[in-house]
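Student: First, the structure itself, so that you have it in front of you.
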Amino acid sequence: MWSQRAVVDYGLARRATIQSIRSGHMEARDVCDAHPYLLRAARYHGEPTARICPICEQRNVTNVTYVYGDELGRLAGRVKATADLAEMAREYGEFRVYVVEVCQGCSWNHLAVSFVLGTGDPPGASV
Ligand SMILES: [Zn+2]
């Protein structure tokens, strides 16, 4: 089993953004600006959730999971399935995971959470 560490929950920032829109301080178009690449990633590699989009309230948001880390080489910045993370967590010493929620209806997108995974060993350490 793998454990998440250095977890950063962006829920507060997310709620603040949603509140700004509902109160009219921000326009929906200011936040519903998902890059075409992100929308494509959500469509083909995203994972469906049971959470309704907070902006359009028409569709459920999709989670897109990115991995970053010096050890990852060509994998850095790639979209991964949650199921792939367990294997990566055994294979690499340390990498950071970013989960972005995306609405494929209105293009709302917001960072949901990020955390660090890995064995905790320095790069190149023998097992
Ligand atoms: Zn939406």
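The values are calculated or read from the model by the stated rules, or taken from the named source; none is laboratory data. What you are looking at is a predicted structure, and each value in this text was computed from that prediction instead of being measured. Using ideal geometry, Cβ is built from the backbone for each residue, glycine included, and neighbour counts are taken over all protein chains shown. The accessibility values were calculated without ligands, DNA or RNA, using every heavy atom of the protein model including side chains. Shrake-Rupley method; radii C 1.70, N 1.55, O 1.52, S 1.80 Å.
Student: Give segment 38-54 a look and list any residue that's more than 13 Å from residue 106 (Cα to Cα) and over 15 Å from the mean Cα position of the chain (by Cα), or say none.
Tutor: Once the filter is applied, which keeps residues that are more than 13 Å from residue 106 (Cα to Cα) and over 15 Å from the mean Cα position of the chain (by Cα), segment 38-54 yields only 50.
Student: Right, next: Among the residues of segment 43-63, is any among the small types (Gly, Ala, Ser) and farther than 15 Å from residue 100 by Cα?
Tutor: No - not one qualifying residue is present in segment 43-63.
Student: Another one. So in segment 83-127, with the set limited to residues that are hydroxyl-bearing (Ser, Thr, Tyr) and closer than 17 Å to residue 47 by Cβ, which one is least open to solvent (accessible area, probe 1.4 Å)?
Tutor: First pass over segment 83-127, keeping only residues hydroxyl-bearing (Ser, Thr, Tyr): 92, 98, 107, 114, 119, 126.
Cutting the leftovers down to closer than 17 Å to residue 47 by Cβ gives us 98, 114.
On the way: 98: 69, 114: 1 Å².
That would be 114.
Student: Please determine, by comparing only the residues of segment 7-33 that are crowded, with 16+ Cβ neighbours inside 10 Å and outside any helix (DSSP H, G or I), which one is farthest from the chain's Cα centre (by Cα).
Tutor: 32
Student: Quick check on my filter: what residues within segment 34-68 are open to solvent by less than 90 Å² (accessible area, probe 1.4 Å), outside any strand (DSSP E or B) and touching a strand residue (DSSP E or B) at 6+ places or on another chain (Cβ under 9 Å)?
Tutor: Hits for segment 34-68 are 34, 38, 39, 41, 42, 46, 53, 54.
Student: Still on this structure, I have one more. Conditions: (1) touching a residue at least 24 places away in the same chain (Cβ under 8 Å); (2) open to solvent by less than 20 Å² (accessible area, probe 1.4 Å). Residue 72 meets all but one. Number of the miss?
Tutor: Condition (1) is where residue 72 drops out.
Student: Scan segment 40-69 and report the pairs whose first residue is near the ligand (Cβ under 8 Å from one of its atoms) and whose second residue is open to solvent by 20 Å² or more (accessible area, probe 1.4 Å) and hydroxyl-bearing (Ser, Thr, Tyr), with Cβ atoms within less than 6 Å and a gap of 6+ or a chain change.
Tutor: These pairs meet every condition: 61/49.
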